[in-house]
Each structure stands twice: as structure tokens, then as C-alpha cells.
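Trainee: Please see the structure below; I have some questions.
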Amino acid sequence: MNLAEQLYRMMQANQQAMQPTDLAIGTVTAADPLSISINAAMEPLRREVLYLTTAVVEKKIPVLRHGHTISGLGHSHTVTGLSHTHAYEDGAKTTGSALDGEYTTSSGLGGGSFPASEALADIVVLEDGESLPVEGGYIIFNRALAEGDKVLLLRVQHGQKFIVLSRIFE
């Protein structure tokens, strides 16, 4: 082995020992305070050494329920000029006009109230094909990390800090 090969191997070994940047998969061992384990030989990583991205921070929006009560609707028509007559066979005699005058139709929507529908009451939010619950009047758009979640980590600062990139679904 020549000197160049020996120096190259030493440089590779040094780079691996420094752990400049590396991807790792971890498991959330506790949610509050947050800790993540990346292997059984190491203590779990504490919140102080973790940078959280927006993909793993809880986001929620309020459930909007909107409705109106509509009352006092009325609808009617006035019909005039109705007539109805019959003629005998020879046409010489006819019956009198029985429907002369004005007639008002009844109010089909009056008296009562009609609630409008709540259009957003049936919204379902899905994560990896499973519906997320609506809790406390909020749709959990992106839930916080929970115990047992698998996460993708990026090791930085020679292994002193970790960026929690996202959850992993297997």
C-alpha cells in the first residue's frame, strides 16, 4: 500500500469518526418532554439537542360551524280572471261562471323556521389513510409527535444536534 492510499484511508476514518452529517431513524420515547431514541446503546436524545421542523410540530384549525335560521318566508299568488262554464248539447244554454273574482294561494313556507345546514360538520382529515380526530373544536391538521412515532433525523454539528425532519410511515 502506498502513502497516498494510506492517507486516503486515514482521512475516511477521520470523517466517519466526526459524523459531520448523517441520516438516522429514531423512535419517540416520550412526548412531553420530547425524547427520541436512535439506538439502544445511547441515551435518548433530549429536546435541547433537537431542532423540530414544521412537519412534526402540531398545527390545528378551528372547526367552523355556520348556520342561519330563516323564518317568516312567505310565498303566495293572486289569481284573477278564472271562469268555468259548461254548455249543453245544442249550445243554447250554458251554466254560470262559478270562479269570478280574486283568489289567493296559500303561503307554503310561512309560519316556522328552517335551519341552514352546517356544511363543515362532516370534514375528515386523513393522515396516511387514517382519519385524525377532531379534538376540542379543532381539526388537528398536523399532530404533534407522540410516543412510538418513527422519525427521520439529520445529524448535525458532529453529532451534537439533530434535526427532526419528518415522521416515517412503514
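The values are calculated or read from the model by the stated rules, or taken from the named source; none is laboratory data. Everything numeric in this text was worked out from a predicted model, so none of it was measured. In this analysis, Cβ positions are derived from the backbone assuming ideal geometry, glycine residues included, and neighbour counts consider all displayed protein chains. Ligands, DNA and RNA are excluded from the accessible area calculation, which covers all protein heavy atoms including side chains. Shrake-Rupley method; radii C 1.70, N 1.55, O 1.52, S 1.80 Å.
Trainee: Name the single residue, out of those in the range 1-35 being in a loop (DSSP other than H, G, I, E, B) and modelled with pLDDT under 85, that is least open to solvent (accessible area, probe 1.4 Å).
Mentor: Filtering the range 1-35 for residues that are in a loop (DSSP other than H, G, I, E, B) and modelled with pLDDT under 85, the one least open to solvent (accessible area, probe 1.4 Å) comes out as Pro20.
Trainee: Return the residue satisfying two criteria in turn: it lies in the range 39-81 and is among the small types (Gly, Ala, Ser) and modelled with pLDDT of 70 or more, and of such residues it is surrounded by the most Cβ atoms within 10 Å (Cβ to Cβ).
Mentor: Ala55
Trainee: Is it the case that the range 134-151 has a residue that's surrounded by 13 or more Cβ atoms within 10 Å (Cβ to Cβ), of a type outside the set (Ser, Thr, Tyr) and more than 27 Å from Val63 (Cα to Cα)?
Mentor: yes
Trainee: Further question: Have a look at Leu154, Leu165, Leu126 and point out the one that is at pLDDT 75 or above, more than 27 Å from the chain's Cα centre (by Cα) and in a strand (DSSP E or B).
Mentor: Among Leu154, Leu165, Leu126, only Leu154 is at pLDDT 75 or above, more than 27 Å from the chain's Cα centre (by Cα) and in a strand (DSSP E or B).
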